[in-house]
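FYI, it's all coordinate maths here, none of it is from the lab. Since this is a predicted model, take the numbers as computed values, not measurements. Virtual Cβ from ideal backbone geometry, glycine too; neighbours counted across all protein chains shown.
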Amino acid sequence: MDINKNNDDNIESVPLLSRKRVIIPAFIAGLILTAAAVYWYLNFRGTVSTDDAYVDGNRVTISSKYLGRIILLTVDEGSIVKKGDVLVKLDVSDLLAQEKQAKASLEYAQQNSELAKVNLERAEEDFTRDQTQFNSAIISKEEFDHATKAFEAAKAQSAIASAQIDTAKAQLGVVQTQLANMVITAPMDGVVSKRWALTGDVVQMAQPILSIYDLDHLWVTANLEETDFAGLKLGQKVHIFVDSYGGKKFDGKIIQLGANTAGQFSLIPPNNASGNFTKVTQRIPIKISIEYEGPKNKAEPELVPGMSVEVKLKVD
């Protein structure tokens, strides 16, 4: 009896239903691979993405132009401010004394100017009279020269007095400008994100007191690798996923392409002129607008500067 012939007969006699145990899994696996390939082609082919991105915004640091002690802070961290709101007041006791002194100096200069004008008028009258008498040979040349010199000296004294008035006004203006700068107001609408000093602290010139962010004008700053930079253009659509909201999707557009790599403004910029050079892929920052297109019956999620995001965009 032929054993091989019997085995062939047994295989041929297996019903089609029994073969499905092999065919169906293979068919499903093929469908999954095909679907994965299509999904990759549609979503990842020609796509650039990075998680080196964050929400950014305009920030202004409030500081003093002069040395002074804080006597009033009207806001705290998280306070909403409007442009022109009073934020900080500094002690002005010394400046008020200087203003009083400057006003007194101005008053003295004005009175001195009046006196100089009287002396000038008298010297002019004497000069005119002596000139007439000299022409009539009534007085000597020496007496006429004395009158001339006195008239010239009176004119110089009057000019000096006028200059003293201008100097006193300038000094008073400087003190009054300092007084005005001791009251610090908000330069823009925003939210106080950080308070660096407290009431009673003595702050130096340009020392930070408050930091304010403009939350109404935010964008995303993304640092893309230089190898992914080709093909990017202004107005290109970008998908933004915010980590704080479970990857909630925002839409945006490229509004600015970086003009330099991020490393150029690092604490120690790279110096490739040395002999020991290691090539490192650089990153170039781009700015992306944020446009939330969620349900109209729901409030737009609140974004704050510094939030981590991921961006994804297609390139040509």
Radius 15 Å from Cβ of THR50, net charge of other residues (Lys, Arg +1; Asp, Glu -1):
-4
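Going by average Cβ neighbours within 10 Å, how do the peptides 187-197, 75-85, 91-101 rank, with the highest at the top? Before the final figure, lay out the partial values.
Details: 187-197: 17.0, 75-85: 12.9, 91-101: 14.5.
Descending packing order for the listed peptides: 187-197, 91-101, 75-85.
Would you tally the net charge around SER289, using a Cβ to Cβ cut-off of less than 12 Å, leaving SER289 out, and scoring K and R as +1, D and E as -1? Walk me through the intermediate numbers first.
On the way: positive: LYS237, LYS253, LYS287; negative: ASP56, ASP251, GLU291.
Spelling it out: positives minus negatives among the neighbours equals 0.
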Proximal lysines relative to LYS100, as straight alpha-carbon distance under 29 Å, when same-chain residues fewer than 8 apart are discounted:
LYS65, LYS89, LYS117, LYS169
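Give the calculated FRET efficiency between ALA97 and TRP196 to the nearest 0.05, with a Förster radius of 30 Å applied to their Cβ-Cβ distance. Write down the numbers at each step before the final one.
Details: r = 29 Å, r/R0 = 0.96.
About 0.55, to the nearest 0.05.
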Pop a pseudo-label 7 angstrom from the Cα along the beta-carbon direction at both TYR292 and SER266 and give the gap in nm to one decimal.
3.5
Return a whole-number percent for the relative contact order of the stretch 92-181, with Cα pairs under 8 Å and 6 or more residues apart as the contact set.
51
Under 20 Å between alpha carbons, and skipping anything fewer than 8 positions from LYS248 in its own chain: which lysines qualify?
LYS237, LYS287, LYS296, LYS298, LYS312, LYS314
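Once R0 is set to 30 Å, what does the formula 1/(1 + (r/R0)^6) return for the Cβ-Cβ distance between ASN58 and TYR245, expressed as a FRET efficiency to the nearest 0.05?
Working: r = 22 Å, r/R0 = 0.75.
The calculated FRET efficiency here is 0.85.
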Within the stretch 141-171, whose backbone N sits under 11 Å from a point 7 Å along Cα→Cβ of LYS65?
none
In terms of Cα to Cα distance under 14 Å, which aspartates and glutamates are near enough to LYS103, apart from those fewer than 8 places away along the same chain?
ASP166
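Count the net charge of all other residues whose Cβ sits under 12 Å from the Cβ of GLY306, scoring Lys and Arg as +1 and Asp and Glu as -1.
On the way: positive: ARG59, LYS194; negative: ASP56, ASP243.
Combined, the nearby Lys, Arg, Asp and Glu give 0.
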